[in-house]
Amino acid sequence: MQRTISPSMLSADFGHLERDTQMIDRSRAEWVHIDVMDGVFVPNISFGFPVMKPIRKSTSKFLDVHLMIVEPEKYVARFVEAGAEMVTFHLEATDCPQKCIDLIRAAGARVGISIKPRTPVESLREWLPKIDLVLIMSVEPGFGGQSYIEGSTEKIAALRRMIDEQNLDVIIEVDGGISARNAGEVFGAGAEVLVAGSAVFKAEDPEAEIIKMLEA
Ligand code: DX5
Ligand code: ZN
């Protein structure tokens, strides 16, 4: 299976956004993860459209936008306009997942659905044939730098089985507490894309850290 790292800009230095984005652009990471928080769905606020602009300008890598906002249907199309190539919304954040899917597709991007640690993978079954990616949260969304919740590995494996049984082509991405120490286990359970914030940006050599995760 393919392995991809998606460094999370939430842990970047916002005073040097261009420098940090260019680092990812040079690195072996193929995606850039952008965490949008509204202070309602999660107890934290991050950033929105104006911050996406300089990121989009500084890299040609795949822009992977993770929306931690209520009523994502109101904004998904604008994130595509701002350069998102994958737009992932939370299943818990909307009453109309189908509308979100349709709006993202109509705007021309790929569609992801994310679930929080306590949401069972079974809730994804009906959506799997309609989407490109599932983002499994391995920490409670809202903050970088938390520890990986151990039970996540079993969830990833169960989702992998569900996807394979239905013969679908859905990417599994995992977000929260990922480092070179557990990347091997998480890839091994069936994930293809790992998000890493603090592990990358707090490393002395972020580019080398990305390679370590890919080869874990
Ligand atoms: C948390 C965000 C994550 C976060 C990951 O709500 O969705 O993407 O940036 O940070 P680390 O890798 O430090 O756990
Ligand atoms: Zn995220």
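Taking the conditions (1) in contact with a Leu (Cβ under 6 Å, 6 or more places away or on another chain); (2) open to solvent by 60 Å² or more (accessible area, probe 1.4 Å) in turn, Ser114 satisfies each one other than (2).
The number of residues in segment 24-39 that are more than 14 Å from ligand 1 (Cβ to nearest atom), open to solvent by 20 Å² or more (accessible area, probe 1.4 Å) and not in a helix (DSSP H, G or I) comes to 2.
Among the residues of segment 57-92, the ones that are more than 16 Å from the chain's Cα centre (by Cα) and assigned to a helix (DSSP H, G or I) come to 7 in all.
Only one entry of His33, His90 meets the criterion of being in contact with a Gly (Cβ under 9 Å, 6 or more places away or on another chain) and within 16 Å of ligand 2 (Cβ to nearest atom), and that entry is His33.
Conditions tested, residue by residue: (1) surrounded by 21 or more Cβ atoms within 10 Å (Cβ to Cβ); (2) of a type outside the set (Asp, Glu); (3) in contact (Cβ under 8 Å) with a residue 60 or more places away in the chain; (4) more than 11 Å from ligand 1 (Cβ to nearest atom).
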| position | (1), (2), (3), (4) |
| --- | --- |
| Gly151 | no, yes, no, yes |
| Arg161 | no, yes, no, yes |
| Asp164 | no, no, no, yes |
| Gly176 | yes, yes, no, no |
| Val195 | yes, yes, yes, no |
| Lys202 | no, yes, yes, no |
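When Ala183 is tested against (1) within 16 Å of ligand 1 (Cβ to nearest atom); (2) of a type in the set (A, V, I, L, M, F, W, C); (3) open to solvent by 30 Å² or more (accessible area, probe 1.4 Å), just one condition goes unmet, and that condition is (3). The residue list Thr59, Thr21, Thr88 contains one member that is farther than 19 Å from Ala183 by Cβ, surrounded by 18 or more Cβ atoms within 10 Å (Cβ to Cβ) and more than 16 Å from ligand 1 (Cβ to nearest atom), which is Thr59.
The values are calculated or read from the model by the stated rules, or taken from the named source; none is laboratory data. Keep in mind that this is a model prediction, so the values were computed, not measured. Note that each Cβ is placed from the backbone with ideal geometry, even for glycine, and that neighbours are counted across all protein chains shown. Ligands, DNA and RNA are excluded from the accessible area calculation, which covers all protein heavy atoms including side chains. Shrake-Rupley method; radii C 1.70, N 1.55, O 1.52, S 1.80 Å.
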